[in-house]
Structure formats: structure tokens, C-alpha cells
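Single-structure report; data block below.
The values are calculated or read from the model by the stated rules, or taken from the named source; none is laboratory data. The shown structure was predicted, so the numbers you read here are calculated from the model rather than taken from an experiment. Cβ placement follows ideal geometry from the backbone for every residue including glycine, while neighbour counts extend to all protein chains displayed.
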Amino acid sequence: MGWRLFKDIKNTVSTSVGLSIDDALPLSVSEHGSPPVLHLYKFSPSAIVGKYQDIEAALRLERCRKRGIEYNRRSTGGGTVIMGPKAVALGLGISIDEPGMNKGIQGIFQSMSSVLIRALKDLGIEAGFRPKNDIEIEGKKLAGLSASLETEKAILFHASILVDFDIALMMDIMNQAPLKLYDKGYSCFSQRITTIKEQLGVDIDIETVVECIENSFERQFNTSLEIDKPDTWEEKAINDFIDKRYNNHDWIFSHKHPRSKMCQGELKTPGGLLEIYLSLAGSTIENIIITGDFFSTTRDINLLESALKWTAAKEEKIEEHLREVWREDMIHGVDTHTLTEAILQAKGNALSI
């Protein structure tokens, strides 16, 4: 039996509807006897935080409201994503025992990232997987991935694939340390994010991107995708999620953390000046930008930044996470101890906001 495909890319959906459909998918697989269900769609302009983020620390909610940007919290982890009609939203409910699915959380990300990497290749784009959960092209993020085990046997997998992107909008509504980069802000983000449009150099229809994603899933899992829609049981589950979760103030504003602290530090090293910008949620690194006049590559800097997100801002933990990805001369003239020193120095310097 083939997989089911829920697809609506001609219209956009609200965060409450899109996320509720996604949350019903793994339940349908584990409790309702459904084969895997793939959901491909587009959100209305929106900002969606990860399950464990503090939405008031992550977003400038008043600016979201003024600009007509929806905001909500998804049930999977990871960071904030800015969605809209120029990004493909993907939800998948699938058994952890599905043939072709690698085991463990890293195996899941490997399986799912390979699907998207193949789809991008079909579009003429060479991409790769960057741990912990990004699809990248030459060090620039093009897609973010997240997953959660919703039942003992089924997971919900999420992905957002950027066909085009408004960096200025993101900088206006996100309330994080990179916003304190002043004149550097736009260029720093443009060096870290890319889109399908930028990579191809031309506009491309969302429909074409979605078709490549569908074909890649079929090849990866040796299946066929059959257009379908939620049945009565699934509609009830979806409506329950809308009412009890995504239209619920207590859900959206749950997981409050200490107010994010914005920090910045500089350290002169044999390899050049290190500038560190941090957003700390309590004693945890919520976001980090590493910049300066040293010699490195965008790919390596993004890898280091990704490894440090959600790390305790303590010397031993910072060094531990750096060692997981570090290789010699990653930043010319700088070692893990020196980079850790720069981060800890930044931690002690609060910025005014």
C-alpha cells in the first residue's frame, strides 16, 4: 500500500490549521492504522518557535501583530522559523519501523535529509546535511529540520524549505542577539541563509519544488504517494489540536525562560580579532554569531555556531561541544580553548536593548 499525501500549495493555511494537521499525522499512523502520511503546504506569513523556546524572548510580538505576522509554537524542537507563501512546509507522520528509515534520532535526520538533498539535486542544487538539523549549501542554511517521537512507534518530522526569503522581515520581528549587529546584521544573516531562488539565479514555482520532494520520497522509500484528505477520525484529532493547543494562549506562551540576555565580546588572537554575539536564555546559549577579521570559511563558522546552540554557557560544556566538530585550522590561528575564552568573555558583557 502506498503512502497518503495531504497537499495544498495553491492556498496558504494558518499556523493553527497547518500545525494541527501535522500533529494528527503520527497519531493516525500509530492509533488509526494509517500508512505514512506526508503533508506539503504553505503557511500564511508567520513566525513559529520551537517547542522549548520562550516565544516572548524569541520574537518581537508587537511588531508581528502590526505587520500581520501570525505567531505560534510547534510541537517539535529547534529554533524559530519564518514561514510564508515562499517556503515549503513539510510534515510527515511515519512509523519508526518503516522500511528505509534509519534507526535513532540521528538516523531519522539522515534519512529525511537525504530525501531533501536528492530533491534539491533534481533541481540542480548540490546540498548537504549539517548537524544538528540543517540542510546547507556551501555553509548557508536552506532548510531546517525537526522531529519528535509522538507515540512509542511513530514520529512527527518537520521541515521548512526556503524557496525565497525576506531577511529584513526576520530581522525586524526576531528578538535575538543578531539584531544587535547594527550595520553588520543584514550581511551576517545573508552569509548564513540561502534560498532555492538564490542558488538557481531565477524564480521557481513552488509546485516544481514540491514535485521534486514528492518524487524523492517515492524513490527513497520505494513507495507511491496517493492524494488523500483527512477522514472523520483525523478531522476530530485535528480540531482537538486547534482548540486545545494552537488556539490556546497557555500553549503558545508556555516554556517561559529567563529573559534573553544579549551579550557581545571581542578577543584579539594570533589568528585575528574574534567578535562574539550571544543571546543567553538563563545560562544557555540560545543563539550565537562568530565574526571578526580571522580566516575561516562560512561553512566552518556555521558548523561551529550550530554546535553551540542550546549549550550551557560553561567552559567545560562549550569546549565539549566544540570538540565534537572541531578539526585543525578550522579558524586559522585559533584553537577551541581560545574560542571558548572569547565566548565566556562575551557572556559577561550585556548589551543595552
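Just a few scattered comments:
- Some residue of the stretch 122-133 being under 23 Å from residue 204 (Cβ atoms), in contact (Cβ under 8 Å) with a residue 24 or more places away in the chain and in a strand (DSSP E or B): yes
- Identity of the residue in the stretch 205-231, buried (at least 17 other Cβ atoms within 10 Å of the Cβ) and of a type in the set (A, V, I, L, M), that ends up farthest from the chain's Cα centre (by Cα): 225
- When the test is whether a residue is within 19 Å of residue 306 (Cβ to Cβ) and either modelled with pLDDT under 95 or in the same structural domain as residue 285 (by TED's automatic domain parsing) (or both), residue 136 passes it.
- So residue 40, is it assigned to a strand (DSSP E or B) and either over 25 Å from residue 307 (Cβ atoms) or touching a residue at least 24 places away in the same chain (Cβ under 8 Å) (or both): yes
- Test for residue 201: is it over 18 Å from the mean Cα position of the chain (by Cα) and at pLDDT 95 or above: yes
- Residues in the stretch 5-35 that are farther than 17 Å from residue 89 by Cβ and of a type outside the set (S, T, N, Q): 6 in all.
- Residue check, residue 25 in the same structural domain as residue 146 (by TED's automatic domain parsing), farther than 22 Å from residue 234 by Cα and buried (at least 22 other Cβ atoms within 10 Å of the Cβ): no
- Selection from the stretch 287-317 of residues that are among the acidic types (Asp, Glu) and either surrounded by 16 or more Cβ atoms within 10 Å (Cβ to Cβ) or closer than 25 Å to residue 142 by Cα (or both): 300, 305
- Scanning the stretch 130-150 for residues that are out of contact with any strand residue (DSSP E or B) (no Cβ under 7 Å at 6 or more places or on another chain) and among the small types (Gly, Ala, Ser) returns a single hit, 139.
- Within the stretch 247-286, if we keep just the residues that are closer than 30 Å to residue 20 by Cβ and in contact with a Phe, Trp or Tyr (Cβ under 8 Å, 6 or more places away or on another chain), the residue that is surrounded by the fewest Cβ atoms within 10 Å (Cβ to Cβ) turns out to be 255.
- Taking the stretch 53-99 and the strands (runs of 3 or more DSSP E) fully enclosed by it, the elements with 2 or more residues that are assigned by TED's automatic domain parsing to the domain that holds residue 164 and of a type in the set (Val, Ile, Thr) are at 81-83, 87-95.
- Residues in the stretch 51-104 that are within 19 Å of the chain's Cα centre (by Cα) and of a type in the set (D, E, K, R): 51, 54, 56, 60, 70, 73, 74, 86.
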